[in-house]
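Shown next, in structure tokens, is the structure this report addresses.
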Amino acid sequence: MFPIPFENQYVTLGEGFFARTRPTPVSGPVLIRFNHGLSEQMNLDMGDVALDQLAQWFSGNQVPEGAEPLSMAYAGHQFGFYTPQLGDGRAILLGEVVGQDGRNYEIQLKGSGRTVYSRNGDGRSPLGPVLREYLVSEAMYHLGVPTTRALAAVATGDAVYREEVLPGGVLTRVASSFVRVGTFEYHARHSGQEGVKKLADHVISRSFPELSESENPYLSLLETVIERQASLIAKWMQFGFIHGVMNTDNMSIVGETIDYGPCAFMDGFTVNRVFSSIDQQGRYAYDNQPGIALWNLTRFAECLVLIIDSEVNVAVEAVRPALEKFQTLYEKSWMAGMQAKCGFISDGQNIEPLQGLLIKQLLSLMHECSSDFTITFYELSRLGDQAGKRDQEFLRQFVSRQPVACDWLVKWRTALSTRGVVQKQRQSQMQSVNPLYIPRNHLIEEAIRSAEDHGDFSVFHELHEVLKTPFARQKGKQRYQSPPNPGQEVKQTFCGT
Ligand code: AMP
Ligand code: MG
């Protein structure tokens, strides 16, 4: 057996869906990190493979046996405007495997050289964005948010030319599917009904086989993608995450977070916070994310209209209720998550009006006080059923509104006391959803600076280790839980392309 037991499917879609592309070799690949846990899950046989060999494969210098490297064609609405031809300009799909869990894993190199879709780009990635995506995507996974994952990070030994000269890197990332809303848009524009049908059939058979039984599998596909995205965005929001570039080409059909560019987790909470330097209008601001997801899903629905019914009007009428459901699905998912964060028991159906009100009041107080998103919820989960000394740790997040925050705590305790769950059980349930460690911007920045400027990866490795168990307090890791002090604060993030 080959170390990577490829079972490639995307390549069977044939011409028009991709371009066969080999990675461009680099001069001195060095493996920075390999994700052995993920590798096992994927059924790869890497235990005895030498580090040098891993560096050769995951830099693109050698193509592993069984791989059929290709770059995928896609289009996309970027900041609301349609770009007819994007595609993998700096990514190459090596192929697919089926994991121990029976799931599909597609393996892609990112930063592995030019492809036919590179336009004016060099097909490369600086090391910084590689480390950033490794850290954030793995952190998301350990927080329980669906995401693409990081299998390997390699330093290439070559320079990458941006505004400055930077060391280069290649990230190997893994998704259950790399098909995006933009992939559907590309085929809808290029080959219409035939292309969309072929792609939809592929997606259904690969990712949602159960839908093939339904009365209208394409309508069911739309409904399923809407459900997945509503649940995904609701999860992001619970951790103060801002994706930053929710263009349709960066929205996955299987509902995984994909394309970590200028993304960021908020420290101090501001409801309309934007980090990305290129998002000047705040299109992808924190509180716009659910609305943008629906906008993107509407673009997806427009593609599926071509195959849902031979009569366009009938198809349009069929997709409308599916899209209209998004808001309810999102709110339900968001509220259930917020109830858990606040220690309220939820039956998933009825929302206690007082609890809903308290959640909204808390967020609005946090916004007014710029309370640290993560610490506020973490401290809340440590509070007892009765007022006590610990309350001060929570109230510290509301310096400018102490009396109102105190009042909120009283009401919160009243809402809790109607539930009849013992304190310890409530606290541990809350602590299982309110992390102490998130990939804070200033920590990511520090890891990148050490690596890029001094070739020192120790901060990267340590931060990654801490983020693997985000909910449990770890001895001696105090500095990874603290918000940045004013000098450390990162106010803007960049695409890094
Ligand atoms: P992104 O901002 O990562 O979503 O990328 C948007 C589009 O630009 C995609 O088609 C990418 O493949 C392409 N792209 C981004 N950076 C590069 C690069 N350095 N070289 C070639 N294409 C790129
Ligand atoms: Mg992208």
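Before moving on, here are some points about what is shown:
- Look at the Cα gyration tensor of the range 231-353: its axes a ≥ b ≥ c give a/c of at least 1.5 with a/b at or below b/c, and that counts as oblate.
- Placing +1 on each Lys and Arg Cβ and -1 on each Asp and Glu Cβ, with no other charges, gives the range 182-340 a dipole about its Cα centre of roughly 360 debye.
- Segment Thr418-Gln9, length gained on full extension (0.36 nm per residue, minus Cα span): 141.9 nm
- Compared with the dominant Cα axis of the chain, that is its longest principal axis, helix 458-467 is turned about 60°.
- Solvent-accessible area, 1.4 Å probe, carbon plus sulfur percent, for the range 425-487: 52
- The range 344-420, dipole about Cα centre (Lys/Arg Cβ +1, Asp/Glu Cβ -1), debye to the nearest 20: 140
- About the Cα centre, charge dipole magnitude for the chain (Lys/Arg +1, Asp/Glu -1 at Cβ), debye: 1440
- Pairwise centroid distance, computed over Cα atoms, of the range 187-216 with the range 469-497, Å: 42
- Contour minus Cα-Cα distance for Ala50 and Ser428 (0.36 nm per residue): 131.9 nm
- Subtracting the Cα-Cα distance of Ala387 and Glu194 from 0.36 nm times their residue separation leaves 63.0 nm of extension gain.
- Once the 1.4 Å probe is applied to the protein heavy atoms, the chain comes out at 41 Å² accessible per residue.
- A simple count of charges around Ile242, restricted to other residues whose Cβ falls under 10 Å of its Cβ and scoring Lys, Arg +1 and Asp, Glu -1, yields -1.
- When the Cα positions of Gln429, Val225, Ile242 are compared along the charge dipole of the chain, Gln429 comes out farthest toward the positive end, with charges on each C-beta of Lys, Arg, Asp and Glu.
- Integer Hz, Karplus 6.51/-1.76/1.60 couplings in order for the range 441-451, x for Gly and Pro: 3, 5, 6, 4, 4, 5, 4, 5, 4, 4, 6
- Against the chain, whose longest principal axis comes from its Cα atoms, helix 289-308 is set at around 40 degrees.
- Rounded to the nearest whole Hz, the Karplus-based 3J(HN,Hα) values (6.51 cos²θ - 1.76 cosθ + 1.60, θ = phi - 60°) of the range 68-79 follow the sequence 10, x, 7, 10, 8, 8, 7, 10, x, 8, 9, 6, with x at glycine and proline.
- Portion, in percent, of the accessible area of the range 182-340 that falls on carbon or sulfur, probe 1.4 Å: 49
- Among the listed pairs Lys325/Lys360; Lys341/Lys411; Lys110/Lys477; Lys235/Lys325, those beyond 20 Å (Cα-Cα): Lys325/Lys360; Lys110/Lys477
- Taking a ≥ b ≥ c as the square roots of the eigenvalues of the Cα gyration tensor, the chain is oblate, since a/c reaches 1.5 or more and a/b is not larger than b/c.
- Top positive-direction residue, dipole computed over the range 344-420 with Cβ charges, set Val399, Ala387, Phe344: Ala387
- An oblate overall shape is assigned to the range 1-65, the ratio a/c of its alpha-carbon gyration tensor axes (a ≥ b ≥ c) being 1.5 or greater and a/b not exceeding b/c.
- Per-residue HN-Hα couplings for the range 25-41 [Karplus 6.51, -1.76, 1.60; θ = phi - 60°; Hz; x = Gly/Pro]: x, 10, 7, x, x, 10, 6, 8, 7, 10, 8, 5, x, 5, 4, 5, 4
- Heavy-atom accessible surface of the range 344-420: percent carbon and sulfur, 1.4 Å: 54
- 0 to 90° range, to nearest 10: angle between helix 217-238 axis and the chain longest Cα axis: 50
The values are calculated or read from the model by the stated rules, or taken from the named source; none is laboratory data. In this text the structure is predicted, and so the values were computed from the model without any measurement. Backbone-built Cβ (ideal geometry, glycine too); neighbour counts: all protein chains shown. Keep in mind that these areas ignore ligands, DNA and RNA; they rest on the heavy atoms of the full protein, side chains included. Shrake-Rupley method; radii C 1.70, N 1.55, O 1.52, S 1.80 Å.
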